[in-house]
Amino acid sequence: DVKVTQSSRYLVKRTGEKVFLECVQDMDHENMFWYRQDPGLGLRLIYFSYDVKMKEKGDIPEGYSVSREKKERFSLILESASTNQTSMYLCASSRGRGGAPFETQYFGPGTRLLVL
Amino acid sequence: KQEVTQIPAALSVPEGENLVLNCSFTDSAIYNLQWFRQDPGKGLTSLLLIQSSQREQTSGRLNASLDKSSGRSTLYIAASQPGDSATYLCAVYGSGNTGKLIFGQGTTLQVKP
């Protein structure tokens, strides 16, 4: 079974702090994704990556950056957390090389972030 | 721009009923459509994936159909159980939309014992 793990289930941070959300998958998947989920807005794609050291902007990249130094790990960084970044953050991965991204996405359990 | 809509937003049924969840999408040029389940405060679990060339997929008590020309998919749940209570999301991969799943807002299902 594919396993996608996220470093924290719950996080509380202060406005202006730098926040790191970590995601690790154990199935040698090429593709990894970061989403946020908000009531009434659904899931929105922040960033995704088809390969190590590669990243692509999703629909709402502003205020976020990512890092993929190793194939199994994809980090989401909030450079200076703001209250409007309070949300549920979901990481996902899928098999397939860049250009063949239409495989099933497997999701982690999510990190609920509260920015005060 | 692809948009995915799920109706109804919430549904409550007695245990044992057969039920249908609906998903519609505006652009019929899709590669595939997925149905996911999400339990409260948890991540998403993939239930079924239908390729654009397929009409339906089945897994246990679940059956998903796809009518690409009309931009519709349905998820049929037979003999519903309280354990089926969750939010069900559909999502599409659109053509030229590499790597980007477009999600509906979900239908929250409650199955009462």
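Read the figures in this text as sums done on the coordinates, not as results from a lab. What you see is a predicted model, and the numbers here were worked out from it, not measured in a lab. Here the Cβ positions follow ideal geometry from the backbone for every residue, glycine too, while neighbour counts run over all protein chains shown.
Would you mind computing the Rg to Rh ratio of segment A:37-116 from its alpha-carbon coordinates, Kirkwood style for Rh? Numbers along the way, then the final one.
Details: Rg = 13.0 Å, Rh = 13.6 Å.
Reported Rg/Rh, Kirkwood definition of Rh: 0.96.
How would B:Val4, B:Val13, A:Val52, A:Val12 line up from fewest to most surrounding beta-carbon atoms within 10 angstrom? It would help to have the intermediate numbers written out before the result.
Details: B:Val4 24, B:Val13 16, A:Val52 13, A:Val12 10.
Listed from fewest to most nearby Cβ atoms, that is A:Val12, A:Val52, B:Val13, B:Val4.
Averaged over its residues, how many other protein chain Cβ atoms are within 10 Å of peptide B:28-35's Cβ atoms? Intermediate results must be reported in sequence, preceding the final value.
Numbers: counts 0, 0, 1, 3, 3, 0, 4, 0.
For peptide B:28-35, the averaged partner shielding equals 1.
Would you mind listing how long segment B:26-71 runs along its three principal axes, going by Cα atoms, in whole Å with the largest first?
Taking the Cα atoms of segment B:26-71, the three principal extents are 34, 24, 14 Å.
Would you work out if segment A:23-63 is rounded, prolate or oblate? Take a ≥ b ≥ c from the square roots of the eigenvalues of the alpha-carbon gyration tensor; rounded if a/c is under 1.5, else prolate when a/b is larger than b/c, oblate otherwise.
On the way: a/c = 3.16, a/b = 1.65, b/c = 1.91.
It is oblate, given that a/c is not under 1.5 and a/b is not larger than b/c.
Counting other C-beta atoms within 10 Å, which of A:Leu114, B:Leu66 has the fewest, and how do the rest follow?
The order, fewest Cβ neighbours first, is A:Leu114, B:Leu66.
Over all directions, how big on average is the projection of the convex hull of the alpha-carbon atoms in the protein assembly as shown, in square nanometres?
Its average projected convex-hull area is 12.1 nm².
Rounded to two decimals, what is the ratio between the C-alpha radius of gyration of segment B:1-84 and 2.2 N^0.38 Å?
On the way: Rg = 13.1 Å, N = 84, 2.2 N^0.38 = 11.8 Å.
So the Cα radius of gyration is 1.11 times the expected 2.2 N^0.38 Å.
Please compare each pair in A:Lys18/A:Lys71; A:Lys13/A:Lys71; A:Lys57/B:Lys112; A:Lys13/B:Lys112; A:Lys70/B:Lys68; B:Lys42/B:Lys68 to a cut-off of 32 Å on the Cα-Cα distance and tell me which ones are over it. Could you put the intermediate results ahead of the total?
Numbers: A:Lys18/A:Lys71 23 Å; A:Lys13/A:Lys71 28 Å; A:Lys57/B:Lys112 42 Å; A:Lys13/B:Lys112 38 Å; A:Lys70/B:Lys68 38 Å; B:Lys42/B:Lys68 30 Å.
As for pairs spanning more than 32 Å Cα to Cα, those are A:Lys57/B:Lys112; A:Lys13/B:Lys112; A:Lys70/B:Lys68.
Could I get the Rg over Rh figure for segment B:36-113? Both from C-alpha atoms, Rh via Kirkwood, rounded to two places. If you can, show how the numbers build up before the last one.
Details: Rg = 13.3 Å, Rh = 13.6 Å.
Checking Rg against Rh, the ratio lands at 0.97.
Which order do B:Ile7, B:Ile30 fall in if you start with the one that has the fewest other Cβ atoms within 10 Å?
Values: B:Ile7 12, B:Ile30 23.
Final ranking by Cβ density, sparse to dense: B:Ile7, B:Ile30.
Can you tell me the relative contact order of chain B? Whole percent, Cα pairs under 8 Å, sequence separation 6 or more.
Numbers: 293 pairs, mean separation 41.5, N = 113.
Over chain B, the number comes to 37 percent.
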